[in-house]
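Read the structure below first, then the notes.
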Amino acid sequence: MGSFFIEFRDPLFSIIIFFSIIFVITFISYWWGRYRRKEDTKDIDRFVKQFRTLPSKNELKVLISSGALSQKSWLLLAASYYKNGDYEKAIEIYNEILQISKESDAKKTMFLLGKTYFRAGFLARSKQIFLEILKKSPRTPEALNYLLLVYEQMRDYKAAKDVLEPLDELGEDIALDSEYLQALSILNDTKLSEQLKCEKLLTIYKENHNLIYMIFEYLFRINPKLAWENLDHSKSDILVQVLWNLNPQELNLDIISQNGYLRELYSARGDINLAKSSSTFEFDVLIKLGGKANATLGFEYVCSSCKGTYPFAFHRCSACHAIDSATTEITLGRDYMREFGEESNSFQ
């Protein structure tokens, strides 16, 4: 018995007991924390599950009017549906909120509803909402800008131009919008001949040298000779995909031979042999390969305003609605058209 008390008084024994207690406490805390996280996750899943299937219109009306959730919470929920692309659910919530909102609080919800209608493609309803907002509050630039977008999507360019006047009075910069709408109306005017369209588009370009891709993509497609004569060669990188896809007979070798970027571009494509290297990595690789590898250029477009990336060229960003904001990113990839041509020839 005495030996037991001697061991109990041993410092090593006390240290073992101390660390054993710490281990037990740590072990219990760890598993208790895991248990609580699991239970919290179940509670969150149960809460979210209630909103995966939106209640019927009548049930939704009762829920919103009952005040069980604040109006701010419903707006956040609708915004979440909007962000995830569930526009129908967002529209239902906004419509029900408008039924119980005070006149002074309805403007914001109406704007969100009109914006959601626009994103969902219900242009007529979106137009009606924004016109109603402007009827009550004419000096609302956000509603005017979206109404401009609605008219543009509906190809009602005359009405879109009319919206620019109140925006100008509110101090908004409308110069680029005006040029853009003018160019769109020309391109979509079925009464104008192709030659007259080219002339009118060049007139717009020469005023401010904007909308380079939009205008010259059309010019190179309709009248390559006119396009080459009027192109600012220092802006060739903006049109790199258009220039890369031109047919060999559409090239102006006199102009190409006088411009470093164009020499490198068409040396990379294999039309000429006027550049041995390039500061552009993709051009340099293709020049060095000399057509021996099945490679070509690929193109992506990045909005300089919101940094959104798109596989195709655009004139107005679909995310932030900026005009003439596309910058071209060049990539290297396999030349599937060449492979297809070689396969077709092998069967002949």
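The values are calculated or read from the model by the stated rules, or taken from the named source; none is laboratory data. The model shown is predicted, which means the values in this text are computed figures rather than measured ones. A quick note on method: Cβ atoms are made from the backbone with ideal geometry, for glycine too, and the neighbour counts reach across all protein chains shown. Calculation scope for accessible area: heavy atoms of the full protein, side chains included, ligands and nucleic acids excluded. Shrake-Rupley method; radii C 1.70, N 1.55, O 1.52, S 1.80 Å.
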With the dipole of the stretch 88-242 worked out from charges on the C-beta (+1 for Lys and Arg, -1 for Asp and Glu) around the Cα centre, which of Pro141, Val163, Leu113 lies farthest toward the positive end? Leu113
Between the alpha carbon centres of the stretch 127-156 and the stretch 247-317 the gap in Å comes to 41
Taking a 21 Å limit on the Cα-Cα distance, which of the listed pairs Lys108/Lys161; Lys225/Lys288; Lys200/Lys307; Lys127/Lys161 fall beyond it? Lys108/Lys161; Lys225/Lys288; Lys200/Lys307
Compute the Cα gyration tensor for the stretch 81-178, then decide on rounded, prolate or oblate, letting a ≥ b ≥ c be the square roots of its eigenvalues: rounded whenever a/c is under 1.5, prolate when a/b is larger than b/c in the other cases, and oblate in all that remain. oblate
Shape verdict for the stretch 247-322, please, from the Cα gyration tensor: rounded (a/c under 1.5), prolate (a/b greater than b/c) or oblate. prolate
Once you list every other residue whose beta carbon is under 15 Å from the beta carbon of Ile287, what net charge do they have if Lys and Arg are +1 and Asp and Glu are -1? +1
Order the following by accessible area, largest value first: Tyr157, Tyr261. Probe radius 1.4 Å; ligands, DNA and RNA are ignored. Tyr261, Tyr157
For the stretch 98-209, give the magnitude of the charge dipole about the Cα centre (Cβ charges: +1 Lys/Arg, -1 Asp/Glu; no others), in debye to the nearest 20. 560
